[in-house]
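Single-structure report; data block below.
The values are calculated or read from the model by the stated rules, or taken from the named source; none is laboratory data. Predicted, not measured: the structure shown is a model, and the values here were computed from it. Note that each Cβ is placed from the backbone with ideal geometry, even for glycine, and that neighbours are counted across all protein chains shown. Heads up: the accessible areas ignore ligands, DNA and RNA and are worked out on the full protein's heavy atoms, side chains in. Shrake-Rupley method; radii C 1.70, N 1.55, O 1.52, S 1.80 Å.
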There are 2 protein chains.
Amino acid sequence: MSDATNDSSPSAPSRRRFLAQSGTSAVAAAVGMGGALQASAQVAPAVSAAPASKGLPPNVPAWTRSLGEPTATPYGKPSSHEVAAVRKMYPGLTEPMSAYSVTPLQELDGIITPNGLHYERHHAGVPQIDPAQHRLIIHGLTERELIFTMEEIRQFPSVSRIYFLECSGNPIFVPPYGKTAAEVTGLVSGAQWTGVPLKTLLHHVGLKKGAKWVVAEGADGAAMTRSIPIEKCLDDVLVAFSQNGERLRPEQGYPLRLFVPGYEGNMSIKWLRRLQVTDQPAYSKEETSKYTDLMADGRARKFSFVMEAKSIITSPSGTQKLTRKGSHELRGIAWSGHGKIRSVDVSVDGGRNWQEATLDAPVLSKALTSFRAPFEWNGEELMLMSRAVDETGYVQPTLAQLIAVRGKFSTYHNNAIQPWRVAASGEVTNGRV
Amino acid sequence: MSDATNDSSPSAPSRRRFLAQSGTSAVAAAVGMGGALQASAQVAPAVSAAPASKGLPPNVPAWTRSLGEPTATPYGKPSSHEVAAVRKMYPGLTEPMSAYSVTPLQELDGIITPNGLHYERHHAGVPQIDPAQHRLIIHGLTERELIFTMEEIRQFPSVSRIYFLECSGNPIFVPPYGKTAAEVTGLVSGAQWTGVPLKTLLHHVGLKKGAKWVVAEGADGAAMTRSIPIEKCLDDVLVAFSQNGERLRPEQGYPLRLFVPGYEGNMSIKWLRRLQVTDQPAYSKEETSKYTDLMADGRARKFSFVMEAKSIITSPSGTQKLTRKGSHELRGIAWSGHGKIRSVDVSVDGGRNWQEATLDAPVLSKALTSFRAPFEWNGEELMLMSRAVDETGYVQPTLAQLIAVRGKFSTYHNNAIQPWRVAASGEVTNGRV
């Protein structure tokens, strides 16, 4: 113990006392279900203490006997041990300029996605924009045609709101289906977005009679262009410059993006350079040849903007494994482009029986919502499912229900219930085959 | 335009049409107050369009004429242009092992601090802990003495909550006072924390009669040790493993920390390795020689745990400058260790007159709350102040009121109103001299 209690130690006295007390008393003991725990929580995992073979931790670990790394890294990074918490390009994608990377949902908790792990979708790569050179043009059916600098944009009143953002192709309808939660539905993330309400800018330039749409264009190499109904633009659309407190990341539209809450991610135009007020939609490539839903009869649904209620169990999920029998907690996230999540039902028997999960506060409109529920596993096969219900009463459908209405080739807007199979071995795999 | 509309461009048709339309129409125009804006927002900044000398933006910026950077950086970083959004060691600190770095509040928006910019306070540097080797010991006045691995901890039911964390020395009472919002009160940050309620673990090990305190010890070189009343431990204390969705950063206690909502940050023991249930406080170095408040009469307040209601204006704030006359928006954050922020009053005349600011949703208990209010500046001197009121009715005091009660040498728990002076030049400086 002398190493640990030399006088140069900043808290030697207290450490001496506590380490002495803990020296021999902190022995491992087998633990079963705690009656007290039953009263205090839904799940009482049969946590088994470390067997002697693993040995007790040293009374003073190596890192307690030395100084650590210095304070004040200008911008911090995750631990080098967190190798799994990274975003990856979707398997099979080979062209990184028009591609997407997924958020590792199965590695994350809560409703906020760290900016470094927010999903990406680019059509011509990530432009490297100098904010001092960037301009936003607002023109068309407006009283004034204006060009704003970033400094001018930031002088308007701004608001901060927690919202989800989801790609409409998350996931597509047809096999191969993903192995992990990230591969199945990792094109969704959550953040607090800060920006100027678009309605403030539209009122500032003045709308002319006949203004029915706003056509937004990005400054990327694809000049990504989408049309947004004027009613939505005068509701909750933001011209956003910050994400989770800091300025947008380059891959999220730095220095300026549109944010269209609850609508398919592709409409939240990144690297926003132009807003043209028009009397009709643009019918741009990204709302005609892409981002429409091909129906069974060969016709295409257009302007299918809203991301409907959806949920996914992230723990346990594909490629994870249950390592012991008894009580467990199932966790996941739910969201709806129509507003708040009202409830989430979960099933362990493939949808024959459902129980209502607990929602973690805060439950916010058009934001990720955390849910959790206890379940028992004693070596039998399980089929885990979650089913979101939003404040409009809309219930998340099964894939069969969705295909009956939309066919198999819609590509976009697949919000079907995701099943996870738990094998007798405890291994968890995608229940969709 | 040929560069911009060659056929290899993924959206040439729409780009051709829109660029043609915008070619000559998007001219700069002088703009004054918009009547429409008056109706839609509190503040109508007199945004002046870019003068001809600055020139119009190119119809097609350079970055729109080329491909950008590839998709899927495994873990993203801020733009290289965001050089100001970094945390710095407090001016004058020379020993990085026992030091602190501050969150650049004046660069941030909203209630979530990016993990890379969360303030740091270390007493022996940042230990580099292997999570597979880390253990949590719970012993003392308990039915069972247990040693938990990280995997075992994560098998218990967990919750996610958005909370602020603040150092009790944020800031000290005596000069020199800081220049920026970060230097004045940058030892506060906000995040969503995920972990197991401590009450769940205490019920699991079983509390013995006479259990009144929990003494928490960290695995850092300082073996940081604090005593927490059992009532708080059975209320909302978390044993936390995630911050803003991802695992804790090393400087925030990776792989495991205590999180004590609303209490001084020092009690949220990082790198948590031991919880000893006792019948009395430890009177450790960090709750005797430090983290007590020296009163004017020479006695010390001990166990002054709760961080009382506080607020700071972050925009405009010290070292910033108002660049034009007319309407502006004042923005800031408020928080209280006692619960929710009820309201924030702001003053532009040094506290003679106050108006109520707008609070941005969500307003959460023991979390940062964003506020904003419009103000006019036409070249006169202003003294900007904000005053938080929490749900208990407690009103944030002036420094004079605080010193009258506590003297000048309390060191900790200075939640005084922060004044910012706006000079005739528009320059903003610390109003406390």
Would you confirm whether or not segment A:390-397 contains a residue that is under 26 Å from B:Ser158 (Cα atoms), open to solvent by 10 Å² or more (accessible area, probe 1.4 Å) and at pLDDT 95 or above? yes
What do you reckon, is B:Val214 of a type in the set (A, V, I, L, M), within 14 Å of B:Gly140 (Cα to Cα), at pLDDT 95 or above and in contact with a helix residue (DSSP H, G or I) (Cβ under 6 Å, 6 or more places away or on another chain)? yes
So for segment A:111-120 (the condition being charged (D, E, K, R), within 7 Å of another protein chain (Cβ to nearest Cβ) and open to solvent by 10 Å² or more (accessible area, probe 1.4 Å)), does at least one residue qualify? no
Meets criteria (in a loop (DSSP other than H, G, I, E, B), touching a strand residue (DSSP E or B) at 6+ places or on another chain (Cβ under 8 Å) and either aromatic (Phe, Trp, Tyr) or within 7 Å of another protein chain (Cβ to nearest Cβ) (or both)) for B:Ala211: no
Go through segment A:121-133 and report how many residues are more than 7 Å from chain B (Cβ to nearest Cβ) and under 28 Å from the mean Cα position of the chain (by Cα). 1
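Table: residues versus (1) of a type in the set (Ser, Thr, Tyr); (2) within 21 Å of A:Phe305 (Cα to Cα); (3) open to solvent by less than 20 Å² (accessible area, probe 1.4 Å).
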position	(1), (2), (3)
A:Pro374	no, no, no
A:Met385	no, no, no
A:Ile403	no, yes, no
A:Ala423	no, no, no
A:Thr429	yes, no, no
What pairs come out if I take residues in segment B:167-185 that are in contact (Cβ under 8 Å) with a residue 24 or more places away in the chain and open to solvent by less than 50 Å² (accessible area, probe 1.4 Å) and pair them with residues that are among the small types (Gly, Ala, Ser) and in a helix (DSSP H, G or I) whose C-beta lies under 9 Å away, six or more apart or interchain? B:Cys167/B:Gly265; B:Ser168/B:Gly265; B:Asn170/B:Gly265
Which residues, counting only those in segment A:91-100, are in contact (Cβ under 8 Å) with a residue 24 or more places away in the chain and either surrounded by fewer than 18 Cβ atoms within 10 Å (Cβ to Cβ) or not aromatic (Phe, Trp, Tyr) (or both)? A:Pro91, A:Pro96, A:Met97, A:Ser98
Any residue at all in segment B:356-370 that's over 21 Å from B:Gly190 (Cα atoms), surrounded by fewer than 16 Cβ atoms within 10 Å (Cβ to Cβ) and free of Cβ contacts under 8 Å to residues at least 60 places away in the same chain? yes
Can you pull out the residues in segment A:186-229 that are open to solvent by less than 10 Å² (accessible area, probe 1.4 Å) and among the aromatic types (Phe, Trp, Tyr)? A:Trp193
Can you tell me which residue in segment B:335-353 is nearest to B:Lys232 (Cα to Cα), limited to those that are among the aliphatic types (A, V, I, L, M) and open to solvent by less than 20 Å² (accessible area, probe 1.4 Å)? B:Ile341
When A:Leu136 is evaluated against the numbered criteria (1) open to solvent by less than 10 Å² (accessible area, probe 1.4 Å); (2) within 26 Å of the chain's Cα centre (by Cα); (3) not hydroxyl-bearing (Ser, Thr, Tyr), which criterion, by number, is the only one it fails? (2)
In segment B:172-207, anything more than 14 Å from the chain's Cα centre (by Cα) and away from chain A (no Cβ under 12 Å) is listed as B:Ile172, B:Phe173, B:Val174, B:Pro175, B:Pro176, B:Tyr177, B:Gly178, B:Lys179, B:Thr180
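Matching residues to (1) over 23 Å from the mean Cα position of the chain (by Cα); (2) under 20 Å from A:Ala334 (Cα atoms); (3) part of a loop (DSSP other than H, G, I, E, B); (4) of a type in the set (Ser, Thr, Tyr):
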residue	(1), (2), (3), (4)
A:Thr392	no, yes, yes, yes
A:Val405	yes, no, no, no
A:Thr411	no, no, yes, yes
A:Asn414	no, yes, yes, no
A:Gln418	no, yes, yes, no
A:Ser425	yes, no, yes, yes
So which pairs qualify, if the first residue must be in segment B:391-415 and without any contact (Cβ under 8 Å) to a residue 24 or more places away in the chain and among the basic types (Lys, Arg), the second must be open to solvent by 60 Å² or more (accessible area, probe 1.4 Å) and assigned to a helix (DSSP H, G or I), the Cβ gap must be under 9 Å, and the two must be at least 6 apart or on different chains? none
Given the conditions (1) closer than 22 Å to A:Ile111 by Cβ; (2) modelled with pLDDT of 95 or more, report the number of the one that A:Pro171 does not fulfil. (2)
Going residue by residue through segment A:139-152, is there one that turns out to be open to solvent by less than 40 Å² (accessible area, probe 1.4 Å), at the interface with chain B (Cβ under 7 Å from one of its Cβ atoms) and under 22 Å from A:Pro362 (Cα atoms)? no
All but one of (1) away from every other protein chain (no Cβ under 12 Å); (2) on the phi < 0 side of the Ramachandran plot; (3) out of contact with any Ser or Thr (no Cβ under 7 Å at 6 or more places or on another chain) hold for A:Leu258, so report the exception by its number. (3)
Reported set for segment A:133-155 where residues are among the aliphatic types (A, V, I, L, M), closer than 21 Å to A:Ile230 by Cβ and not in a strand (DSSP E or B) is A:Leu141, A:Ile153
